[in-house]
Each structure stands twice: as structure tokens, then as C-alpha cells.
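The values are calculated or read from the model by the stated rules, or taken from the named source; none is laboratory data. Nothing here was measured: the structure is a model prediction, and the numbers come from that model. As a convention, Cβ positions derive from the backbone with ideal geometry for all residues, glycine included, and neighbour counts pool all protein chains shown. Accessible surface is based on the protein model in full, side chains and every heavy atom, while ligands, DNA and RNA are left aside. Shrake-Rupley method; radii C 1.70, N 1.55, O 1.52, S 1.80 Å.
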Amino acid sequence: IFSTEQTAEAPNKASEVKAEEPKVEGKNGLLIAFLSAKGGTGTSSLCANLAMNIQQGQPEARVVVADLVLPIGSIGQIVGDEGKVNLVTVSDLPAGQTTVDYFYKNLPKPQAWQFQVLAGSPDPQQANSIKGERIGQIVETLCSGYDFVILDIGRALSRISLPLIQKSDLILLVVSTDQSTVQLTKTVWDYLRAQGIDKQKICAVLNRAVGLEGLTKSQAEEIIGLPIKTTLPYMGGNFALANNLNQPITIKYPTDTASIILKETATDMVKLA
């Protein structure tokens, strides 16, 4: 209900593209990564909606969302971007061509969402052709030209995504209330901690995507070993409807409790980052 992401649990070879570890050096803008331990937690929906609220709260800032979910991205579908510029086409260009000015001029800016977007791979076949070593270069360029670079990483922990997570100023770890997702989130957090990621960089968000049933906030915190900073209430079919209409929640349902929480969370994210 809450997410347009894939929920398949089987690993996909496209998320294991062999590449040199990407580097994000000379970073100017804040780098924020969204990830989850399991599909279906609403990570992409939250990524788009929180990015929109960051942009709305700081209208003078340059904000870009890059969809790095493989083998199929969903940010483009959520914001209504059907353009031809995406992660595959950009990674296929020479590094000298994908300058900051290139992104300013070519990345679409859906009106309702206000930020620029680098859509993900449109299908698995094209995902297999992505030049993995270019992704780090692309993110590095974005960081040099934008105030906020927001990455939708999904549930991929690969040689491509891990260095970007490590370089992030803030990591949004999206959790749902079911037992399996909470246990997997603990496993992911244990792994990230072993990779040297500071606990202070993690912002855990509990998204009640499928209803009120499941573990409580305190139970999830105890299992994962992380404080949950934000809880998104169950919205029934409203979130799915807003996604289908390519509209942000705070525009479609401005008085809803979720809209208020999204605005507050976006403000908190900027402070934490």
C-alpha cells in the first residue's frame, strides 16, 4: 500500500555490478542516503516526499534526488518523470560530459515536487549495462553542485552503494513493524556498524505501511539496538493514491497527521545532517 518498490526477496545480479569503490571527494553539499533492509517498507515514497519537504523548507537550496535502486528504480514513477535522462543514460556518458552544468540543464524538475531528479534504471536489461564505476563519479559531481544530494539506495549493500553510504552525512534507515523486517534491519545495522559507520549518522524511521498490527516502536528499538526518531502513521490507501497521482502527501493531504510529521522530519533531517 505504502510503496511502489519491488518486494521480491531473491537477489538480483544487477545489484552486484563489479566496480571499483566509488569515491565522493571534495563534497560540498550534504549527502543523505535512504535505505532499508527489506523491500516494501516505502523507502522510495519517503525519499521523494521528504526531499520535497526539504526543498520546500529551503526554497533557495538546490536539491537533487538520485535513484540508485537496481535493477528497477521507482522515483521517476512516483514524481511523474517519464524523461529520457536516467541513471543508465548518464552513466553511459563520458565523465567529462556529466558536469554540474549538465545536471542543472538536463535533470527534470517536476513542478509539484520542486527538486531535480535523476531517475533510476527503467528496466533490468538496461540495469545490466550500467557502468558501476561511473556512479561514484556522478554522485561526486552532484555533491559539488547541489546543497542536498539525496540517494534512494533501497536495500542494496554492494561495492557500489556501501562507499556512498559511508560517505553520507545522514542515513535514513526505514523500518516497518513486521518481525522479519525488524530482524533484517538489526542485521543491516550490525553490518554497517562493523563497517565503521557512526551511530549518530543513523536516523531510523518506523513506517506503518501495512496497518497498526506488528511490533511496537519500543519493541523494534530493543531488537535493532537503535532509537527510532520518527514514526509515520498508517494512512490506509492515501499514500498509494498520492503516488498514483504523482503528488506529494503534503500537497494532496495537507492537514493529515502524516503531512505534519513529514514536514517536521524534513526539518530534523537537515539539522541532523
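Tabulated data for the structure shown
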| read-out | value |
| --- | --- |
| Reciprocal of mean inverse Cα separation for segment 119-265 (Kirkwood radius, Å) | 17.3 |
| Whole-percent carbon and sulfur share, accessible surface of segment 146-210, 1.4 Å | 48 |
| In range of the label at residue 195: residues from segment 106-130 whose backbone nitrogen is under 13 Å from the point 7 Å along Cα→Cβ | none |
| Computed [θ] at 222 nm, deg cm²/dmol, the chain (DSSP H ≥ 4; -39,500 (n - 2.57); rounded to nearest 500) | -11000 deg cm²/dmol |
| Student exercise, segment 151-193 dipole from Lys, Arg, Asp, Glu Cβ charges, in Debye to nearest 20 | 160 |
| Leading residue at positive end of dipole, the chain (Cβ point charges), from 200, 224, 156 | 200 |
| Axial C-alpha extent at least 18 Å, average Kyte-Doolittle at least -0.5 - helices from the chain (DSSP) | 43-57, 132-145, 179-194, 257-272 |
| Cβ-based charge dipole, the chain, positive-most Cα from 166, 247, 86 | 166 |
| For segment 57-120 versus segment 161-191, the gap between their alpha-carbon centres in whole angstrom | 24 |
